[in-house]
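Visitor: Below are the structure tokens for one structure; questions will follow.
The values are calculated or read from the model by the stated rules, or taken from the named source; none is laboratory data. Bear in mind the structure is a predicted one, so any value in this text is a computation, not a measurement. With ideal geometry, Cβ positions are generated from the backbone for all residues, glycine too; neighbour counts draw on all protein chains shown.
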Amino acid sequence: MLLLTGATGLVGSSLLRRLLAEGTQVRCLVRNPRRLGGQRVRVQIALGDLTDPPSFRNALRGVQTVVHLAASIRDQPRGSIEELNGIATWRMVQAAQRAGVERFVFFSVLDASTHHRARFFRAKALAEQAVRESDMRSTIFAPSIVYAPGDPWLTLLERMALLPVVPISGRGRAIYQPIWAEDVADCVMAALRNGEGEYNERFELAGPETLSHTEIVRLVLRSLRRRRMLVHVPTPIVSRSLRLLEATMGTGAFATWDEAELMEVSMISTRGSADAEGFGVTPEPMRAILAQT
Ligand SMILES: NC(=O)c1ccc[n+]([C@@H]2O[C@H](COP(=O)([O-])OP(=O)(O)OC[C@H]3O[C@@H](n4cnc5c(N)ncnc54)[C@H](OP(=O)(O)O)[C@@H]3O)[C@@H](O)[C@H]2O)c1
């Protein structure tokens, strides 16, 4: 039995499709089973929440492998970014060890570090440490930006493309190697099939192109065939406005400063797409995927 968290998310939904096609028995820890769509009748459901550790214990019964994808880049009413990404992963690792899980697969982020300026990266660094130091065989994936047409990030960019000018937080010079969610899911499947790897493995997942934030926005505009002027909004103005918005609208805010800040920090692997290619996956360029939509 494999426990998958985050099965309703971008990577999780692509991965779940593949796991079920291969006949793997999957249990999904979810907050709302409806968000699994038609797949919910093909999996075991464990109702749970990252902020509710007792729910992990039930979910882990009889599980050999955990793929822990659930995460959040914004604070939630019941848990901060640190609790949802850092402490929850530590608790999941503890619970998995107690339940006799053999292998723990975890998604971090490129350049996670305890000294990083962004809270999400600091929380992921602590989570990585908990996974690495556990007694289980561990596989850590550290991706650059993961995208798929229609995902919340590209949808937000598409909505902004309706404005007469498109705002970009800061100078837009942070660089990324965007990787398609389907390529990421292929890498995870290949890693799961490989029972012979090192006891503690870490892979960086990056697409074939290095693009700045500004270049990504231009690419999206081109794929939508919209010509728009880009306006760089100074970071202090963006952070103050989004913090004010979050304070007034709470979790309903269309964007938060913690999310916007992720587009001001580069996520680059010096290995490029080598780790993905090691799994037999040749990541698609973002321009090719966007051109298909
Ligand atoms: N997307 C990227 O650019 C990127 C970059 C680097 C690293 N990563 C990491 O890669 C992994 C997969 O990312 P993704 O983009 O597929 O994530 P995603 O689309 O944002 O999905 C997040 C998942 O976590 C679940 N979740 C959120 N809060 C939860 C809570 N309190 N309790 C239980 N489940 C909760 C969501 O479930 P609901 O349906 O209930 O909301 C959803 O299934 C994550 O660990 C992420 O941090 C992603």
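Visitor: Identify the single condition in (1) modelled with pLDDT of 95 or more; (2) part of a loop (DSSP other than H, G, I, E, B); (3) surrounded by fewer than 20 Cβ atoms within 10 Å (Cβ to Cβ) that T214 does not satisfy, given that it satisfies every other one.
Guide: Among (1) modelled with pLDDT of 95 or more; (2) part of a loop (DSSP other than H, G, I, E, B); (3) surrounded by fewer than 20 Cβ atoms within 10 Å (Cβ to Cβ), the lone unmet condition for T214 is (2).
Visitor: Does the range 51-65 include one or more residues that are at pLDDT 95 or above, in contact with a strand residue (DSSP E or B) (Cβ under 7 Å, 6 or more places away or on another chain), within 9 Å of the ligand (Cβ to nearest atom) and within 26 Å of E246 (Cβ to Cβ)?
Guide: yes
Visitor: Restricting attention to the range 251-266, does a residue exist that is hydroxyl-bearing (S, T, Y) and away from the ligand (no atom under 16 Å from the Cβ)?
Guide: Checking the range 251-266: not a single residue is hydroxyl-bearing (S, T, Y) and away from the ligand (no atom under 16 Å from the Cβ).
Visitor: Counting only residues that are under 13 Å from R202 (Cβ atoms) and more than 13 Å from the ligand (Cβ to nearest atom), which one in the range 106-132 is surrounded by the most Cβ atoms within 10 Å (Cβ to Cβ)?
Guide: The qualifying residue surrounded by the most Cβ atoms within 10 Å (Cβ to Cβ) is Q129.
Visitor: Which pairs have Cβ atoms under 8 Å, sit 6 or more apart or on different chains, and link a residue in the range 230-257 that is under 25 Å from R218 (Cα atoms) to one that is exposed (fewer than 12 other Cβ atoms within 10 Å of the Cβ)?
Guide: Listed by first residue and then by second, the contacts come to L230/V165; V231/V165.
Visitor: Let me spell it out: the conditions are (1) more than 14 Å from the ligand (Cβ to nearest atom); (2) part of a loop (DSSP other than H, G, I, E, B), and S138 meets all of them except one. Which number is the exception?
Guide: (2)
Visitor: Which ones in the range 8-33 are in a loop (DSSP other than H, G, I, E, B) and more than 6 Å from the ligand (Cβ to nearest atom)?
Guide: Residues satisfying the conditions are E22, G23, T24, Q25.
Visitor: Identify, by number, the condition in (1) crowded, with 20+ Cβ neighbours inside 10 Å; (2) out of contact with any Lys or Arg (no Cβ under 6 Å at 6 or more places or on another chain) that R159 doesn't meet.
Guide: (1)
Visitor: Taking the range 267-293 only, how many residues are of a type outside the set (A, V, I, L, M, F, W, C), more than 26 Å from A191 (Cα to Cα) and either outside any loop (DSSP other than H, G, I, E, B) or under 17 Å from the mean Cα position of the chain (by Cα) (or both)?
Guide: Residues in the range 267-293 being of a type outside the set (A, V, I, L, M, F, W, C), more than 26 Å from A191 (Cα to Cα) and either outside any loop (DSSP other than H, G, I, E, B) or under 17 Å from the mean Cα position of the chain (by Cα) (or both): 1 in total.
Visitor: Among the candidates A191, A125, which residue alone is among the small types (G, A, S) and either closer than 26 Å to A21 by Cα or at pLDDT below 95 (or both)?
Guide: Going through A191, A125 in turn, the sole match is A191.
Visitor: Here's a follow-up. Kindly indicate whether any position in the range 34-49 is near the ligand (Cβ under 8 Å from one of its atoms) and not in a loop (DSSP other than H, G, I, E, B).
Guide: There is at least one residue in the range 34-49 that is near the ligand (Cβ under 8 Å from one of its atoms) and not in a loop (DSSP other than H, G, I, E, B).
Visitor: Turning to a different aspect of this structure: From S223, S239, S269, which residue is out of contact with any strand residue (DSSP E or B) (no Cβ under 9 Å at 6 or more places or on another chain), hydroxyl-bearing (S, T, Y) and crowded, with 17+ Cβ neighbours inside 10 Å?
Guide: Within the list S223, S239, S269, the selection yields S223.
Visitor: If I filter the range 143-164 for residues that are under 30 Å from G100 (Cβ atoms) and within 11 Å of the ligand (Cβ to nearest atom), do I get at least one hit?
Guide: Checked the range 143-164: at least one residue is under 30 Å from G100 (Cβ atoms) and within 11 Å of the ligand (Cβ to nearest atom).
Visitor: Looking at the range 70-104 only, could you name the residues that are assigned to a helix (DSSP H, G or I), among the small types (G, A, S), more than 17 Å from H116 (Cβ to Cβ) and within 13 Å of the ligand (Cβ to nearest atom)?
Guide: Result: A88, single match.
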